[in-house]
Each structure stands twice: as C-alpha cells, then as structure tokens.
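Presented below is the structure to which this report refers.
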Amino acid sequence: EEMNKAILSAEKDDESNERVYFSPGEECLNAILSQIKGSTQKINICLFTISDDRISNALMDKHKLGIPVKVITDNDKIYDKGSDIAKLVDAGISVKVDITDKHMHHKFALFDNKTTLTGSYNWTRSAERYNHENILITQSEGVYRSFDREFKKLWSELMDYHEI
C-alpha cells in the first residue's frame with residue numbers, strides 16, 4: 001500500500017510538469033541547456049553571475065536565431081575572471097546591471113512566457129563540478145507571473161550595461 005501511494009505521488013509530480021535537478025554533476029547544466037535550446041519565443045534571465053561558456057554559447061546561438069534574450073546581473077560579478085557578461089553584451093544581448101551596494105542575487109530564468117527555472121544553482125563551472133546546488137523547473141502560471149513581475153520591475157529600475 002505504501003509503495004502504491006509513492007507511485008501515485010510520483011505520477012502526480014510528473015503530471016504537474018515540475019522537475020528538480022541537483023549538482024554536482026551535469027543534471028542542472030543539461031536542464032538549463034535544454035530549456036535554452038528548446039526556447040522559441042524569448043528568454044529572460046536574472047542571475048548573480050554567468051561564467052559557464054556552454055550556457056553563454058547557447059544563449060548567443062539563440063540570440064543569433066532572432067530569439068530575444070535579456071539578462072539581469074550584479075555589478076560585483078561582471079568583471080570577475082571568467083565572467084561571460086561582456087561576451088554576451090558584445091554578441092548583442094541586452095544586459096541590465098544592479099550597481100547598488102547591495103547584491104542582485106536572484107537565480108531564475110523565464111522561457112517562452114510559460115516556463116520558470118529557479119533554484120540555488122549558479123550558472124558556473126564550479127556549480128556543475130563541485131557545489132551542492134539545485135534547480136526547479138515549473139510551468140505553473142502563478143509562479144511564472146510572479147517571477148515575470150520581478151523581472152520587469154528590475155529591468156525598469158536597473159542600469160543598462162553600456163551606461164556603467
């Protein structure tokens with residue numbers, strides 16, 4: 001009976017179209033890349049930092065295909081060794097930067113007006129190789145609306161990369 005309850009519970013989780021991934025290992029990286037590669041309308045990203053070239057390259061590929069990509073990041077991380085923010089800007093991707101003395105420490109991405117990716121996972125090689133981090137991907141409309149509202153709020157408040 002307990003086994004049946006567990007199976008039924010797992011089936012409900014699958015039906016809700018929510019997936020959870022953990023690092024270290026490639027689970028989180030592959031989940032991010034899958035979301036990027038599968039996007040056909042737009043990608044909005046709000047991250048403390050991006051330094052994993054595999055992710056940055058996938059974003060630039062989408063941008064080259066005409067898929068709008070926007071990135072919000074923190075000023076304290078854009079000049080770190082390995083940061084891919086300047087590379088994304090040079091590729092024509094729109095980037096806004098938090099230049100306050102506080103940190104813009106969010107880690108979420110929005111895909112195609114329906115999918116939210118969030119969690120503790122930093123989009124770095126260290127996160128993939130060493131850190132215990134996580135990602136949740138959901139298609140909950142309420143979750144998407146909440147994160148989209150935050151993205152739009154920050155996008156309107158923060159400074160364009162070219163202005164810093």
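Taking interchain pairs and intrachain pairs at least six residues apart, which have beta carbon atoms under 9 angstrom, with the first residue in the range 81-93 and in contact (Cβ under 8 Å) with a residue 60 or more places away in the chain and the second of a type in the set (D, E, K, R)?
I85/K77
Output the number of residues of the range 42-94 satisfying the condition of being of a type outside the set (A, V, I, L, M), farther than 21 Å from R129 by Cβ and in contact with a Ser or Thr (Cβ under 9 Å, 6 or more places away or on another chain).
Number satisfying all stated conditions: 8.
Could we say that E141 is at pLDDT below 95 and over 15 Å from E27 (Cβ atoms) here?
No, not satisfied.
Any residue at all in the range 130-140 that is among the aromatic types (F, W, Y) and closer than 17 Å to N44 by Cα?
So far as the range 130-140 goes, no, none of its residues is among the aromatic types (F, W, Y) and closer than 17 Å to N44 by Cα.
Applying the selection to the range 42-59, what residues are farther than 17 Å from T116 by Cα and either without any contact (Cβ under 8 Å) to a residue 60 or more places away in the chain or of a type in the set (D, E, K, R) (or both)?
Of everything in the range 42-59, those that are farther than 17 Å from T116 by Cα and either without any contact (Cβ under 8 Å) to a residue 60 or more places away in the chain or of a type in the set (D, E, K, R) (or both) turn out to be D52, D53, R54, S56, N57, A58.
Could you count how many residues in the range 136-146 are open to solvent by 30 Å² or more (accessible area, probe 1.4 Å) and in contact (Cβ under 8 Å) with a residue 60 or more places away in the chain?
3
Read through the list (1) modelled with pLDDT of 95 or more; (2) in contact with a strand residue (DSSP E or B) (Cβ under 7 Å, 6 or more places away or on another chain), then give the number of the only condition that D90 fails.
(2)
Of everything in the range 31-48 that's over 17 Å from T138 (Cβ atoms) and part of a helix (DSSP H, G or I), which residue is farthest from the chain's Cα centre (by Cα)?
K37
The values are calculated or read from the model by the stated rules, or taken from the named source; none is laboratory data. Note that the structure is a prediction, hence the values are computed from the model and not measured. Note that we place each Cβ from the backbone using ideal geometry, even for glycine, and neighbour counts take in every protein chain shown. We work out accessible area using only protein heavy atoms, side chains counted, and drop any ligands, DNA or RNA first. Shrake-Rupley method; radii C 1.70, N 1.55, O 1.52, S 1.80 Å.
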